[in-house]
Amino acid sequence: MEYILDQFAQLPDAEDPLPLFVQLAARLRPRRAHDTAQAELNLKLLCGLLAERATWRHALRRALFALIGRRRQVTLYAERGILPGTGFFSELSRRLSCKLLPEALQPEQLRDTLGIVFARHSDWIWVKAVSDDSWKKLLAALRFDEQDGRPTEVARSLGELLEAIQVLSYRIAAMGLEPELLRIEPSVEKFESPFLMQNVEVRQFLEGYKQWLADAQHAGDDHRHVMVLLDQCRSILARVRRTAAQEGTSVSLTFLAVRLRQNIRRMETLLQLLGDYRAAPSGTDFYGHVVALFKHLVESQNKHNDVSGHVHRNLNLIALRVTDNASRTGEHYIASDRAEYFALARSGLGAGLIVGFMAMLKVVIAAQHFAPLSEALLFSLNYSLGFMLIHLLNFTVATKQPAMTAATIAASIQDSEDNRRNLDNLVNLTAATVRGQIVAILGNIALAIPTAMAIAWAWAHLAGLAFVEPAKAHGMLADIHPTASAAVIYAGLAGICLFLSGIVAGYYDNKAVYDQIPQRIRQLRAARWLLGEARLARVAEYVRNHLGALAGNFYFGLMLGGVTAMGVLFGLPIDIRHITFSSAYFGFAVVAQGFQLAPGEIFAACLGIAAIGCANLAVSFSLALWLAMRAREVGFAQRGQFFKNLLRRMLASPRDFFLPPRRNTEVAEQRAGG
């Protein structure tokens with residue numbers, strides 16, 4: 001490090017100090033990005049050397065002024081770390097292309113200079129991990145107070161900061177007038193908009209600051225007036241977020257809100273830095289803002305082309321809205337008391353009856369030996385229309401529950417992140433969810449098997465033909481055998497389809513309110529003439545409340561029918577197994593075998609059906625819970641405590657996960673916690 005500092009001391013004034021700063025950063029960089037102790041030690045060594053020799057201190061300070069002052073800085077302050085106005089998908093495309101072909105560097109821009117000095121994509125880790133005090137000590141070790149007057153480079157840098165603030169102010173004003181934002185928050189148009197007023201205050205502040213730079217005796221306006229207006233802009237954004245939770249959101253609106261929030265935050269940082277510098281130009285009070293901005297800029301530069309971070313940051317907000325819609329639906333599938341428990345049992349029985357006939361239609365379609373594409377389409381429509389009929393009749397397919405109820409649990413986990421953090425109520429909610437799913441499954445199976453058996457028996461006696469031949473029945477039993485087939489793996493694939501259908505349901509629920517579909521339905525003249533005003537209003541309200549569920553069921557059917565077709569098309573050994581359909585097929589096989597199944601065959605079939613059901617529920621529930629927790633940024637530590645409490649409850653009181661509470665007093669506790 002001494003050699004590098006000597007090189008700084010010998011550097012001619014006209015020469016670019018960038019290569020030496022690259023060497024200095026390499027010397028400060030630890031071997032492992034997460035080795036914070038080594039980074040702290042390297043920084044401490046540099047501070048000690050600067051304190052030891054004034055020549056090194058002066059040379060490094062002079063080189064730093066030259067590095068920063070000779071480069072264009074506005075793009076670094078006003079763009080880096082802030083999403084561009086090109087939109088989510090355009091930015092995603094740009095980042096993907098930069099992974100294949102890196103961007104051309106422009107060393108005259110301080111933005112790219114920062115990327116050259118901190119060239120490793122992991123540099124932000126140790127830069128951010130090093131304490132603020134250590135970076136402040138480095139700034140203090142440079143002894144800027146030894147500098148006579150204000151160097152030209154410093155004045156130029158301050159001018160670039162002022163220009164960056166002006167750019168940010170214009171952007172905030174323009175984004176505050178975006179039609180999509182005004183549609184969600186129309187009050188911005190009705191009253192004096194803080195997005196516009198902040199620009200007026202900023203222009204006054206910038207003019208006064210420039211006069212202060214020319215004449216230190218000039219007082220000028222401080223930045224606090226602008227900060228108040230920016231705080232009002234932030235309040236409007238919070239209202240937009242709350243309104244979007246009720247009225248739906250979109251990728252573009254989410255992207256706009258994130259950009260607006262980032263611009264406001266960056267502008268506040270620059271204003272605070274300039275304000276503290278003006279209060280004490282020779283002091284160290286503004287070092288904290290310099291360090292915070294430096295860390296953020298290094299991280300932003302390293303992550304400038306990060307694809308996963310871009311997707312995660314923006315789509316998590318969309319996922320939050322989607323899972324919020326799903327969680328409101330999921331409240332109907334939780335057996336909090338005895339009445340809800342038996343209601344789910346009855347709705348499960350009704351679904352089992354419908355699935356029995358759906359399984360019959362699938363067997364009939366398969367027996368016709370249509371072309372693969374036609375057969376796949378008919379299978380998909382059979383599934384889709386059947387599941388939609390089940391929903392229209394207010395019945396419940398148990399495996400459809402996890403994608404909804406997992407979101408409800410995750411929402412409750414987030415809500416419990418307060419001072420009380422009552423995770424016990426959360427465990428009660430989970431127990432109610434599990435027993436609701438179990439009783440619905442039992443209801444599905446309890447009527448699917450006898451319905452299938454009745455259909456096969458009636459077919460044989462009325463048509464005089466076996467509904468399923470013994471050879472086919474043997475194949476049906478083999479398909480659900482727990483060890484002789486890939487039934488559990490195929491059930492996992494069905495679980496993935498269930499999870500995706502839950503996402504589809506949340507998406508369409510969001511779309512119904514965001515695109516104002518119910519209101520638009522009421523404006524259909526032909527429908528109003530045909531149905532009348534009152535009936536049309538009921539139809540519109542039904543669409544508002546059930547569009548997501550109907551779409552989720554429809555797409556779920558398409559996915560179930562399409563998986564096997566994709567396997568045939570690409571020659572892959574993939575299929576699906578669904579617990580209710582597997583139960584119906586077992587009923588067909590029992591009749592086809594003349595009710596002469598051996599006890600071992602019955603046991604194996606029951607074990608296979610149970611394994612298929614567990615795989616259906618475990619995969620769909622786990623994926624839905626993972627997405628909901630990730631969308632709400634639920635902390636890992638709290639998740640761990642939740643699962644520990646859940647395991648402790650299962651061991652202490654397993655009855656709660658299978659049977660309804662003896663009294664209904666548990667209801668209020670669970671819903672208060674959720």
(message) For the range 95-188, I need the span (max minus min coordinate) of the C-alpha atoms along each principal axis, in Å, sorted largest to smallest.
(response) 54, 41, 29
(message) Treating only the Cβ of Lys, Arg, Asp and Glu as charged (+1, +1, -1, -1), what charge dipole size does the range 151-280 show about its Cα centre? Round to the nearest 20 debye.
(response) 440 debye
(message) Using square roots of five times the C-alpha gyration tensor eigenvalues, list the equivalent-ellipsoid semi-axes of the chain in whole Å, biggest first.
(response) 63, 29, 23
(request) Taking the chain as the reference, fit the longest principal axis to its C-alpha atoms, fit the long axis of helix 88-100 to the helix C-alpha atoms, and give the angle between the two in degrees, 0 to 90, nearest 10. (result) 70 degrees
(request) Find the Rg to Rh ratio for the range 151-280, where Rh is the Kirkwood radius over alpha-carbon pairs and Rg uses the same atoms. (result) 1.05
(message) Is there a quick way to get the dipole size of the range 205-277? I mean about its Cα centre, with the Cβ of Lys and Arg at +1 and of Asp and Glu at -1; what is the value in debye to the nearest 20?
(response) 520 debye
(request) Could you calculate the FRET efficiency of residue 598 with residue 645 from 1/(1 + (r/R0)^6), where r is the beta carbon distance between them and R0 is 60 Å, rounded to 0.05? (result) 0.85
(message) If packing is taken as the average number of other Cβ atoms within 10 Å across a peptide's residues, how do 475-482, 42-49, 581-588 rank, most packed first?
(response) 581-588, 475-482, 42-49
(request) Take a quick pass over the chain and tell me how many lysine pairs come in under 22 angstrom between Cα atoms, counting only ones 8 or more apart or on separate chains. (result) 15
(message) Between 0 and 90 degrees, rounded to the nearest ten: what's the tilt of helix 579-592 against the longest Cα principal axis of the chain?
(response) 20 degrees
(message) If you take every residue apart from residue 229 with its C-beta less than 14 Å away from the C-beta of residue 229, what net charge results, scoring Lys and Arg +1 and Asp and Glu -1?
(response) -3
(request) Would you work out which of 359, 566, 486 lies farthest towards the positive end of the dipole of the chain, given +1 charges on the beta-carbon of Lys and Arg and -1 on that of Asp and Glu, about the Cα centre? (result) 359
(message) On C-alpha positions alone, give me the angle between the axis of helix 287-302 and the longest principal axis of the chain, in degrees, nearest 10.
(response) 50 degrees
(message) What does the charge count around residue 85 come to, taking other residues whose C-beta lies under 9 Å from its C-beta (Lys +1, Arg +1, Asp -1, Glu -1)?
(response) +2
(request) Using only the alpha carbon atoms of the range 528-584, find the Kirkwood hydrodynamic radius as the inverse mean reciprocal pair distance, in angstroms to one decimal. (result) 14.4 Å
(request) Rank-order 2-8, 652-658, 58-64 by packing density, defined as the average count of other C-beta atoms within 10 Å over each peptide's residues, highest first. (result) 58-64, 2-8, 652-658
(request) For the range 42-123, state the average projected area of the convex hull of the C-alpha atoms over all orientations, rounded to one decimal in nm². (result) 7.1 nm²
(message) Net charge within 14 Å of residue 165 by Cβ-Cβ distance, Lys/Arg positive one each and Asp/Glu negative one each, not counting residue 165 itself?
(response) -2
(request) Could you give the size of the charge dipole of the chain about its Cα centre, using +1 on the Cβ of each K and R and -1 on the Cβ of each D and E, expressed in debye and rounded to the nearest 20? (result) 1020 debye
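Readers should treat all values here as calculations from the given coordinates under stated rules, not as data from a laboratory. In this text, all values refer to a predicted model and were calculated from it rather than measured experimentally. Here the Cβ is made from the backbone with ideal geometry for all residues, glycine too, and neighbour counts use every protein chain on show.
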